[in-house]
Structure formats: C-alpha cells, structure tokens
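Trainee: Once you've had a glance at the structure underneath, I'll fire off some questions.
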Amino acid sequence: MLAHLFAIVLTLAASGGMPGSCAGCDVSRMDLSGKDLSGVRYAGADFSHADLRNASFANARLAGADFSGADLTGVDLRDARLAGADFRGAKLDGTKLDGLNCAGCDLQGVDLHGRDLHGLSFPGADFRNANLRDVDFSGVDLCSRDEETIVNGTVVSRNGKIECGDFRGADVRGANFSGVRLCESRGDKKTCTPVDAATLRAGTRSSLDGARLP
C-alpha cells in the first residue's frame, strides 16, 4: 500500500500536480504552461482555452480531447495519440509533432503554414478553411475507406469509397502531397499504398489548387 501511494505521489510531482489518468477531466482555461504531462491518459478531457505553452504531452493518450481555443505554442506532442481530438481555434506554433497520430482530428481553421507533417497520420481529419500553405504532407497517412465489413471482429472486406479528410476551403498553395497514402488498416503500415492525384482530389473534396500532387 505504501509503495502504491509513493508511486502516486511521484506521478503527481512529475506532472506538476496533475494525475496520470483522468478521462473526461475538465481542465479548461487552466494555466498548465510548462507542465510535464508526458504519458498521461486523458481521453475526452477538456483543455479548451487552456494555457498549455511549452507543456509536454509526449506519448500521451488523448483521444477525443478538446483543445479548442487553447494555446499549444511549443507543446511537445511527439508520439501522442489524439484520434478525434478538437483543435479548432488552437494556436499550434512550434508544436513538436513527430510520430503524432491524429486520425479524425478536427483542425478546422488552424494555422499550420509551413509545417513539416511528413510521415504523420491524419486519416479522416478535418482541415476545412485551414492555412496549409507550404505544408509538407509527403508520406502522410491521410486516406482510408469509409465502409468496412466486419465478421466476428475481423475486417473481411473494405469496399467503401476512399476518404482523405476534408480540405474544403483550405489554403494549400505550395503544400506537398507527394506520397500521400491510403491505409487499409489503421495502424498497420504494411497495408498503406500511395494514392494518385485524382483519388486525392476526390477524397479531400477539394481541387487542391496550387499544391504539389502525386
């Protein structure tokens, strides 16, 4: 028992007084700048309008978290799992994104001008009206199929149309989409294959004018 309590104390100390696991927690508008929250499990947590400058969420599990309106300047999101997270209106200047998984993330209107997203994972992400000028999307896992047939928990066929997120209204001038990939099974790189320009345009619901296409 004492050992367990000591471990909890160490965890809280390392994360600046924040618990290591807190699904659905409301930390909106809090000042968490500079906090070390690496490895935490905060699925569905509300970080909206919080001050997260220079905090670390490396290797964190943050599926469905709400970062809308938050300041994530300089935040470490390396290897974070953020499926379905909401970043509308968030500041993302200088965020560290290596290994990021942001499947289905809501990135409407964000400013990612000039960012290097090479090789990251954004299947089904919503980039409507975002500033994506000169962004490097090369090798990004962006596309998936919208319908699957599952029998006894196993995917036996994928016959739906290809979806590559939503880029309607986004400024993609100068962005590089070479090598963007369709992954038949999320998380399994062996199932990923490059898509052509026509598939990419159809899948993103955008003409992608001004971008470099496959």
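Read-outs: derived from the displayed coordinates by stated rules, not from any lab. Bear in mind that the values here come from a model prediction, so they are computed numbers and not experimental data. Note: ideal-geometry Cβ built from the backbone for every residue, glycine included; neighbour counts use all protein chains shown.
Trainee: Taking θ as phi - 60°, what are the ³J(HN,Hα) couplings along region 34-51 by the Karplus curve (6.51, -1.76, 1.60), each to the nearest whole Hz, with x for Gly and Pro?
Mentor: x, 6, 8, 10, 5, x, 6, 10, 10, 4, x, 6, 9, 9, 4, 6, 7, 8
Trainee: Can you tell me, using C-alpha contacts under 8 Å and at least 6 residues apart, the relative contact order of region 55-103 as a whole percent?
Mentor: It comes to 40 percent, rounded to a whole number.
Trainee: Arrange the peptides 91-99, 107-115, 50-58 so that the one whose residues have, on average, the most other Cβ atoms within 10 Å appears first.
Mentor: Top to bottom by mean Cβ count within 10 Å: 50-58, 107-115, 91-99.
Trainee: Oh, and also: Between M30 and K96, what is the spin-label point distance in nm, taking each point 7 Å from the Cα along the Cα→C-beta axis?
Mentor: Roughly 2.2 nm, to one decimal.
Trainee: If you take every residue apart from G39 with its C-beta less than 12 Å away from the C-beta of G39, what net charge results, scoring Lys and Arg +1 and Asp and Glu -1?
Mentor: Numbers: positive: R41, R61, R78, R81; negative: D36, D76, D79.
Here the count lands on +1.
Trainee: Would you kindly derive the ³J(HN,Hα) couplings of region 54-67 from the backbone phi angles with the Karplus curve 6.51 cos²θ - 1.76 cosθ + 1.60 (θ = phi - 60°), listing them in order in whole Hz, with x for Gly and Pro?
Mentor: Going residue by residue, I get 6, 6, 10, 10, 4, 6, 7, 10, 10, 4, x, 5, 9, 10 Hz, with x marking Gly and Pro.
Trainee: Collect residues whose amide H, placed 1.01 Å from N in the peptide plane, falls under 5 Å from the amide H of S185; neighbours closer than 5 in sequence don't count.
Mentor: Placed amide hydrogens put T191 under 5 Å from S185.
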